[in-house]
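The values are calculated or read from the model by the stated rules, or taken from the named source; none is laboratory data. Everything quoted here is computed from the prediction, not taken from an experiment. Counting neighbours? That spans all protein chains shown, and the Cβs are built from the backbone with ideal geometry, glycine included. Heads up: the accessible areas ignore ligands, DNA and RNA and are worked out on the full protein's heavy atoms, side chains in. Shrake-Rupley method; radii C 1.70, N 1.55, O 1.52, S 1.80 Å.
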Amino acid sequence: MPDGVAEAVAVQEQLRPLVDLVGPGPVAPATVAGLDVAYAQSDDLLAAAVTVLDARTLAVVDSAVSVGRPAFGYVPGLFAFREMPALLAALGRLTTRPDLLVCDGHGLAHPRRFGLACHLGVVTGLPAIGVGKTPLVGTWDPPPGERGAWSPLRDGGEVVGRVLRTRDGVKPVFVSIGHRMSLGNATAQVLALTPRYRLPETTRTADRLCRDALAAAR
């Protein structure tokens, strides 16, 4: 774990060239994992959860949690260092190796083009995408109002993701590549994971699990 901000940024710069931004990634994954982290209000405890869903039925087929202390300070753009140890511990407790990781956060749509989804993808070797509720970087035009509509998320003249409408007339989510995926495939997978709600079922199930684990640990 890096000692400070400068060292953490250096790690991101070192690992960033290892990201596969081409993919195309699994078009019909059998299993898809959601990853999320919940923090205690005091910020001295976190719970990381991974839920693995059957991609066809969206039923949870495996899950794991890890409860511990944040491994790094609260620094925007460096959240991966706070959460990675606990998330990797949870991933290591799974009995199913998922075909795709869906992170509650960002991948390429990051100031240094190396968000949590990129970091997890490179470290695990698994295809990964980021689905953020709010943007970390970039500008965009609002996509049309119907489900499936999207507009490019741009930062510094570069397309770093898509602003995707998953429900008619509901505010969009922010999709970006993490590792070993194309942006088009990432978009398709997010739509497959949002049959009823704005957020992917992967995120919804992992969110519930990490919140329950945190409550039990207090």
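Details
- Cβ charges +1 (Lys, Arg) and -1 (Asp, Glu), total dipole of segment 74-206, debye: 180
- With 5 Å bins from 0: P(r) over segment 30-92, alpha-carbon pairs, percent: 4, 20, 25, 20, 14, 10, 6, 1
- Among 26-34, 4-12, the order from most to least packed when residues are scored by Cβ within 10 Å on average: 26-34, 4-12
- Semi-axes of the equivalent ellipsoid for segment 151-213, Cα gyration tensor, largest first, Å: 23, 14, 11
- Rounded, prolate or oblate (a/c below 1.5 giving rounded, otherwise prolate when a/b exceeds b/c) for segment 2-55 by Cα gyration tensor: oblate
- Relative contact order %, segment 1-103, counting alpha carbon pairs below 8 Å whose residues are six or more apart: 29
- Annotation: per residue accessible area for the chain equals 43 Å², rounded to a whole number [probe 1.4 Å, protein chains only].
- For segment 60-156: rounded, prolate or oblate by the Cα gyration tensor [a/c cutoff 1.5]: oblate
- Two-decimal ratio, the chain, of alpha-carbon radius of gyration to 2.2 N^0.38 Å: 0.95
- Rg and Dmax over the alpha-carbon atoms of segment 69-110 stand at 11.9, 33 Å.
- When the solvent-accessible area of the chain is split by element, carbon and sulfur atoms take up 54 percent of it, the probe being 1.4 Å.
- The chain: relative contact order in percent, alpha carbon pairs under 8 Å with at least 6 residues between: 23
- Ranked packing of 109-119, 147-157, 50-60, 188-198, most packed first, by mean Cβ within 10 Å: 109-119, 50-60, 188-198, 147-157
- Taking Lys and Arg as +1 and Asp and Glu as -1, the other residues whose beta-carbon sits under 9 Å from that of Val37 total -2.
- Pairs of Cα atoms nearer than 8 Å and 6+ residues apart set the relative contact order; for segment 112-218 it is 24 percent.
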